[in-house]
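Everything below concerns the one structure shown next.
The values are calculated or read from the model by the stated rules, or taken from the named source; none is laboratory data. Because the structure is a prediction, the values reported are computed rather than measured. Glycine gets a Cβ as well: all are built from the backbone with ideal geometry, and neighbour counts include every protein chain shown.
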Amino acid sequence: MTGTPGMPASGVAAVALSRSFGPRTVLHDVSLHAPAGSVTGLLGANGAGKSTAIRIMLGLLRGGGQTLFFGQPLSAWSSPGHVVGAVLGGVAGHPAHQVRTHLTMVAKGLGLPKSRVDEVLDMVGLREAAGLRLKALSLGMAQRVGIAQAMLGNPPVLILDEPGNGLDPHSLRWLRTFLCDLAREGRAVLVSSHLLPEMEQLADGVVVLARGKVVAQTTMREITTRTGTVTAQSPSPDRLAALVEQAGGTTRPLQDGMISISGLDRFRVGALAAADSLPLTWLDERTSSLEEYYLSVAQEEFHIR
């Protein structure tokens, strides 16, 4: 079976997802690609449509559009649990069940041997907690059990909806390392979140949702290598400013002979000064952050009710 022409066959590709609740449209023609071998962040404020998009992609909610997993819709795979694992918050099991019992039941439904349960428990570092009841788990441990369940079928796709909510710094670091390792193995990892500092460390690429629409899709490399603001100091700041403006940059005077420069990177500024034999006593560049990029493209409106 082959994929749809024009849609990426590697990883997850969603095209023209839409959804309305009564008269209110919450997703407008959402398209995104989460390639294999990388972590893709689905970013947006609460209510932007992240969870709705994920549930439509997984077939848990009806909506318009199409989603392909490695070139095929999820319904075309004979065993979807071996294709995609999803963590949508908490552990969907009986609170009185032990961790091992719960995972064994899920493994049996996937046609997997009991030995796979021990493998995923080791994978998430919970072998010693296998006898705990689900209701006794901390938030971080519950998140790991959810990931263990998602990984039972050894899927090439992992989708997580707001996995960092409420986690302590140690749990966040473990989650980041774990997901990055999965991506380096060649899996497609899609993570929704509004925790921008954490996503800046985790994601290889980002898709930004605002009011149910995709307003940007790019890579973290493209964001962080965009020309930022250069700060330079010279005994002759007016002369330096003239050189920069002649080269197409813009300047703003600061204190102590320093100027703020936009439109040129620090290498270009340094080369201009050197070519004119102009000494520089300070040269620094502040690159763009994910937060700055997100705020520049999302342009969310906030209302006090």
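Summary table
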| item | result |
| --- | --- |
| Long-range neighbours under 9 Å by Cβ, at least six apart or interchain, first residue assigned by TED's automatic domain parsing to the domain that holds LEU195 and hydroxyl-bearing (Ser, Thr, Tyr) within segment 136-163, second outside any loop (DSSP other than H, G, I, E, B) and at pLDDT below 95 | SER138/SER171 |
| Total residues in segment 80-94, condition assigned to a loop (DSSP other than H, G, I, E, B) and either at pLDDT below 90 or out of contact with any strand residue (DSSP E or B) (no Cβ under 7 Å at 6 or more places or on another chain) (or both) | 6 |
| Single match in GLY125, GLY140 (criterion: closer than 24 Å to LEU195 by Cβ, among the small types (Gly, Ala, Ser) and part of a loop (DSSP other than H, G, I, E, B)) | GLY125 |
| Failed item in (1) buried (at least 18 other Cβ atoms within 10 Å of the Cβ); (2) more than 24 Å from MET220 (Cβ to Cβ); (3) in contact with a Ser or Thr (Cβ under 7 Å, 6 or more places away or on another chain), with GLY140 passing the rest | (1) |
| Some residue of segment 59-74 being surrounded by fewer than 21 Cβ atoms within 10 Å (Cβ to Cβ), closer than 23 Å to VAL145 by Cα and under 23 Å from the mean Cα position of the chain (by Cα) | yes |
| Residue under evaluation LEU160, criteria (1) assigned to a helix (DSSP H, G or I); (2) touching a strand residue (DSSP E or B) at 6+ places or on another chain (Cβ under 6 Å), criterion not met | (1) |
| Qualifying residues in segment 264-289 (those that are surrounded by 16 or more Cβ atoms within 10 Å (Cβ to Cβ) and modelled with pLDDT under 90) - the one farthest from GLN246 (Cα to Cα) | SER288 |
| Number of the exception - SER10 against (1) out of contact with any helix residue (DSSP H, G or I) (no Cβ under 8 Å at 6 or more places or on another chain); (2) under 23 Å from MET123 (Cα atoms) | (2) |
